[in-house]
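Trainee: Got a structure for you, written out below as structure tokens; questions coming shortly.
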Amino acid sequence: MPTPKLGQHFLTNHEAIDKIITAADLSKKDTVLEVGPGRGILTAELLKAAGTVVAVEKDGELHHKLKKKFKDSDNFELSLGDIRNFHLGLMPKNYKVVANIPYYLTGQLIPWLLTSQNPPSLSVLMIQNEVADRLTGPKGSGNLLQLASQVFAEPQKVFFVPREDFDPAPNVDSAVITLKKHKKDMVPAGEQRSFFRILKFAFSGKRKKITNTLSAALKVPREQILKALEQTGLSENARPQELLLAEWIQFYNQLK
């Protein structure tokens, strides 16, 4: 039986599983980290396509069943525990992540993966459809999670997954996204703390003008914010959700 407190909803649609495998673009040279393998339906396909599958399962009962189910698979490594306590430094370079993650973990897991000292080259994640749309939305729909992710990777929504494709069915629909790691972070490591500080301040007043929010938060003259906006080619009435990442970076460079 699924454990509600662990946010367990098991994917049952084999067509969706095939699409996930395709999105992961796997070869026998790849090592995959699977988060929450559950009943092992996706795991079985990953083992066929990848060189090695490292799975981390938090549920003790499922861990026992998975260990028994894949006992003859030489390319399968299974750990019991919370993925947030897993040391990503143990993974080889350019590994990939494939995960049907609990909805409550999405906001923690994506930044944790992307900002790791050893981030995956590609993540294929099943997440809440609404969050997938926020991550991949068009200009004018910017948000902190989307922009922060874009600093490190290219988010893309791959396909929609209805709630009926899970057992038990959740209360919301899902979607599969990919996060393809940039070869180089869009903001240098030494600047990221300051850059994200500016973003957090700006989005604390999402409906408000950047000029007013940042002037108050940073305790700098309003004219200084206006000048940076002008030098970036932005309106003095600009609001945070309207800016693309490239515009935020240019604005930050003018402001610092």
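The values are calculated or read from the model by the stated rules, or taken from the named source; none is laboratory data. Treat the numbers as computed from the prediction; the structure is a model and nothing was measured. Positions of Cβ are backbone-derived with ideal geometry, glycine not excepted, and every protein chain shown enters the neighbour counts.
Trainee: Can you give me the number of residues within region 49-82 that are touching a strand residue (DSSP E or B) at 6+ places or on another chain (Cβ under 7 Å) and among the hydroxyl-bearing types (Ser, Thr, Tyr)?
Mentor: Number of matching residues: 2.
Trainee: What tally of residues in region 60-100 results from selecting those that are under 12 Å from residue 31 (Cα atoms), among the polar types (S, T, N, Q) and crowded, with 16+ Cβ neighbours inside 10 Å?
Mentor: Residues that pass the stated criteria total 1.
Trainee: Still on this structure, please answer the following. Any idea which residue in region 132-167 is nearest to residue 103 (Cα to Cα), counting only those that are touching a His at 6+ places or on another chain (Cβ under 9 Å), surrounded by fewer than 17 Cβ atoms within 10 Å (Cβ to Cβ) and without any contact (Cβ under 8 Å) to a residue 60 or more places away in the chain?
Mentor: Among those that are touching a His at 6+ places or on another chain (Cβ under 9 Å), surrounded by fewer than 17 Cβ atoms within 10 Å (Cβ to Cβ) and without any contact (Cβ under 8 Å) to a residue 60 or more places away in the chain, it is 163.
Trainee: A further question follows. Do you know which residues across region 9-34 are aliphatic (A, V, I, L, M), out of contact with any Lys or Arg (no Cβ under 8 Å at 6 or more places or on another chain) and modelled with pLDDT of 95 or more?
Mentor: 16, 17, 20, 21, 23
Trainee: Turning to a different aspect of this structure: If I filter region 236-249 for residues that are outside the structural domain of residue 156 (by TED's automatic domain parsing), more than 27 Å from the chain's Cα centre (by Cα) and either touching a residue at least 60 places away in the same chain (Cβ under 8 Å) or surrounded by fewer than 16 Cβ atoms within 10 Å (Cβ to Cβ) (or both), do I get at least one hit?
Mentor: Within region 236-249, one or more residues are outside the structural domain of residue 156 (by TED's automatic domain parsing), more than 27 Å from the chain's Cα centre (by Cα) and either touching a residue at least 60 places away in the same chain (Cβ under 8 Å) or surrounded by fewer than 16 Cβ atoms within 10 Å (Cβ to Cβ) (or both).
Trainee: Still on this structure: Quick check on region 30-56: of everything there that is part of a loop (DSSP other than H, G, I, E, B) and in contact (Cβ under 8 Å) with a residue 60 or more places away in the chain, which residue is surrounded by the fewest Cβ atoms within 10 Å (Cβ to Cβ)?
Mentor: Only one residue tops the list, namely 30.
Trainee: Sticking with this one: Can you find a residue in region 165-187 that is farther than 30 Å from residue 41 by Cα and hydroxyl-bearing (Ser, Thr, Tyr)?
Mentor: no
Trainee: Look through region 67-106, keep the residues that are of a type in the set (A, V, I, L, M, F, W, C) and under 20 Å from residue 18 (Cα atoms), and return whichever of them is farthest from the chain's Cα centre (by Cα).
Mentor: Residue satisfying both the conditions and the ranking: 70.
Trainee: Can residue 66 be described as under 24 Å from residue 166 (Cα atoms) and hydrophobic (A, V, I, L, M, F, W, C)? Outline the logic, then answer.
Mentor: Details: under 24 Å from residue 166 (Cα atoms): yes; hydrophobic (A, V, I, L, M, F, W, C): yes.
The answer is yes for residue 66.
Trainee: Also, quick follow-up: Residue check: is residue 52 in contact with a Ser or Thr (Cβ under 6 Å, 6 or more places away or on another chain), at pLDDT 95 or above, β-branched (Val, Ile, Thr) and in the same structural domain as residue 107 (by TED's automatic domain parsing)?
Mentor: Yes.
Trainee: In region 61-174, which strands (runs of 3 or more DSSP E) lie fully inside it and hold 2 or more residues that are modelled with pLDDT of 95 or more and under 25 Å from residue 196 (Cβ atoms)?
Mentor: In region 61-174, the matching strands (runs of 3 or more DSSP E) lie at 122-128, 153-161.
Trainee: Using the structure shown, decide if residue 204 is modelled with pLDDT of 95 or more, surrounded by fewer than 20 Cβ atoms within 10 Å (Cβ to Cβ) and not assigned by TED's automatic domain parsing to the domain that holds residue 13.
Mentor: So residue 204 fails the test.
Trainee: Among the residues of region 199-232, write down those that are among the polar types (S, T, N, Q) and in a helix (DSSP H, G or I).
Mentor: Hits for region 199-232 are 211, 212, 213, 215, 224, 231.
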